[in-house]
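The values are calculated or read from the model by the stated rules, or taken from the named source; none is laboratory data. Note that this is a predicted model, so its numbers are computed, not measured. Note: ideal-geometry Cβ built from the backbone for every residue, glycine included; neighbour counts use all protein chains shown. Remember, those area values only see protein heavy atoms, side chains included, never the ligands or the DNA or RNA. Shrake-Rupley method; radii C 1.70, N 1.55, O 1.52, S 1.80 Å.
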Amino acid sequence: MTIKYPNGVASTNRHMKPRKVAKHKKRGTGPEQLIQRGIIEVLTMAGHHVWRINVGKVKMEDGRMFSAGPQAGFPDICGYRKSDGKMFFIEVKTKTGKRRPAQEYFAKEIARDPVIYGVARSAEEALMIVTKGLNRTEDVK
């Protein structure tokens, strides 16, 4: 039996049994991602500049892990109001979602600065946080 590897090398070791390769399950769009999309759409339509913050880890070819994105706890969405340049940070959660300790720490640290921060569970709530210029470091349900 000849095994052809992705790098082009072929092996004819008859004693090797074929291994099952675990396929990476593709994650679908979750409820939090749907809320994020709605928030970005509403805030953009209201004239604000908005960015979704992506975070992730990737295993490199040499086995090392590469971390992409900002530090742990950084909110899901950030941007600024075009009218006055005031920065805002929105942590997106589902109706029952809870912040992780790193997210709570970020909220307490950012409360010292003159920025807008809040936890939003809907696009309407995010728009209210940004429009009213709230700095809600406590989670309101």
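What to note about this one:
- In the condition set (1) closer than 22 Å to Arg37 by Cα; (2) in a strand (DSSP E or B); (3) among the small types (Gly, Ala, Ser), Gly97 is compliant with all but (2).
- Filter result for Lys59 (touching a residue at least 40 places away in the same chain (Cβ under 8 Å) and either of a type in the set (D, E, K, R) or over 16 Å from Arg100 (Cβ atoms) (or both)): no
- Looking only at residues of the range 95-118 that are under 22 Å from Ser83 (Cα atoms) and not hydroxyl-bearing (Ser, Thr, Tyr), we find that the one that is most open to solvent (accessible area, probe 1.4 Å) is Pro114.
- Flag: Phe74 matches the condition of being part of a loop (DSSP other than H, G, I, E, B), under 22 Å from Leu34 (Cα atoms) and either under 17 Å from the mean Cα position of the chain (by Cα) or modelled with pLDDT under 95 (or both).
- One residue stands out among those in the range 2-30 that are closer than 30 Å to Gln103 by Cβ and open to solvent by less than 90 Å² (accessible area, probe 1.4 Å): the one that is modelled with the highest pLDDT, which is Gly30.
- Residues of the range 119-133 classified as exposed (fewer than 15 other Cβ atoms within 10 Å of the Cβ) and of a type in the set (A, V, I, L, M), total: 1
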